[in-house]
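Worksheet: one structure, shown below.
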């Protein structure tokens, strides 16, 4: 067991595990965001639960942040190591002849997702932490002094998607997420050794996941921009 | 066919190399790529110039010596072939063809287009074998029942000729298709089970020490492999490695 993370296969395995965790997170994030289109009241209730339940706030949230940081740091470390494995580049290299653009450019799609995540944190996560843990308002209400003012989450979401530049940025971020997932989903399964005659269906499901989830997020952003 | 060749020339491992242009006329489309290089070398020798050094042995797609990166692909634009099986009919009259050695830190250039692939030998020495009693009590392999599917998969993995096209094609210079094939061909058979744990741990350790990159599952190796070795072998090796590492 010792030194497993120092081996090339161990690092692949760790990358895959963090990818699985992040893909499950994205799925639940999408499910909750979808409620903002289907039923704003339920969206508010679920958002308040997610934002105040201690297991999520103090246990899962730190694990998520660590998972995100690990995935990005390990991705960049592997890229640097891999570049060192070929010191002289080919004068002519036809990568498109044998592999997809997505598979060859995970570092770029991942880098753009990182930029998007920073903006996303500034937009949503930091104001949320500020309201709850700096200002100490755990009520989730539009006006904490008025008990029947209603939850603030839906209002805030709609407000964020008013400027077209932010909607465009979100669309771009999710296009890069789709490109990343189109390779990353099945790559993660390959890394944990799941590629055999019993896992053929995974390839199709991976493409479905990689397209449907980002397109769904884009739809939600566009919906709120154009319907308010 | 008239061709312009851009060939990597490098005097030895310690000097810097560069691409040198050569013009070659009246090339037959029925020639193999190596025969075309033979013609070029004959002309260079007649002119008193140093011929281009390139590796070759069997010239029938078995030895895996012809390690050329042609127009941006290992063994050129054809599929399922080594360089000796690549024919000039794959190119057009007037084409410019880039001919480079396989590039990887673990495959240093010895001269011109010849690279040192002894790193593969060292990986094999680390575990690519089984121990068989040969003192008169050898069990006939045919007497050991093997599931047909496992036998087929093991045989398919064993067709790897160790040419290094997987490393050359991989953007990370990863050797995982080669090592995956060598691990799989034994892991699938009863004879290979005895040393399975040590084999995969030692071969992967040696692979990492040689300076190959990490696999990012682009699949370029599988496409460019002249023997069609499947990515499933890498997945099998990953499984074998994780089982072995957890065992101890």
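The numbers here are math on the coordinates, done by the rules we state, and not lab data. Given the structure is predicted, the values throughout are model-derived calculations rather than measurements. Please note: Cβ atoms are built from the backbone with ideal geometry, for glycine as well, and neighbour counts cover all protein chains shown.
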Partner chain coverage, peptide B:165-175 - average Cβ within 10 angstrom
4
Need one value for A:184-191: mean number of C-beta atoms belonging to other chains within 10 Å of its residues' C-beta atoms.
4
How would you classify region B:61-114 from its alpha-carbon gyration tensor, with a ≥ b ≥ c the square roots of the eigenvalues: rounded for a/c under 1.5, else prolate if a/b is greater than b/c, otherwise oblate?
oblate
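Neighbour counts of other C-beta atoms within 10 Å: give me B:160, B:58, B:170 arranged from fewest to most.
Values: B:160 24, B:58 13, B:170 29.
The most exposed by this proxy come first: B:58, B:160, B:170.
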Over all distinct alpha-carbon pairs, what is the Kirkwood Rh of region B:131-179 in angstrom?
13.7 Å
When ranked by the protection proxy of mean other Cβ atoms within 10 Å per residue, highest first, what sequence do the peptides A:91-98, B:61-68, B:94-101 form?
B:61-68, B:94-101, A:91-98
May I ask for the Kirkwood hydrodynamic radius of region B:117-247, worked out over all distinct Cα pairs and given in angstroms to one decimal?
15.0 Å
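Take the alpha carbon gyration tensor of region A:47-206, find the square roots of its eigenvalues, order them as a ≥ b ≥ c, and report rounded if a/c is under 1.5; if not, report prolate when a/b exceeds b/c, else oblate. Numbers along the way, then the final one.
Working: a/c = 2.39, a/b = 2.13, b/c = 1.12.
Verdict is prolate for region A:47-206.
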Distance in nm between residue B:42 and residue A:108 label points, each 7 Å along Cα→Cβ, equals 4.5 nm
Other chains near A:102-115: what is the mean number of their Cβ atoms within 10 Å of each residue's Cβ?
1
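Over chain B, what is the relative contact order in percent, taking alpha-carbon pairs closer than 8 angstrom and at least six residues apart?
20 percent
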Going by C-beta contacts inside 10 Å, put A:211, A:175 in order with the fewest on the left.
A:211, A:175
Counted neighbours (other Cβ, 10 Å), sorted fewest up, put B:35, B:222, A:162 in the order A:162, B:35, B:222
Provide Rg and Dmax in Å for the protein assembly as shown, with only Cα atoms included in the calculation.
27.7, 97
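Shape of region A:123-170 from its Cα gyration tensor (a ≥ b ≥ c, root eigenvalues): rounded if a/c is under 1.5, otherwise prolate when a/b > b/c, or oblate? Let's see the in-between values first.
Details: a/c = 4.08, a/b = 1.67, b/c = 2.44.
Note, shape of region A:123-170 comes out oblate.
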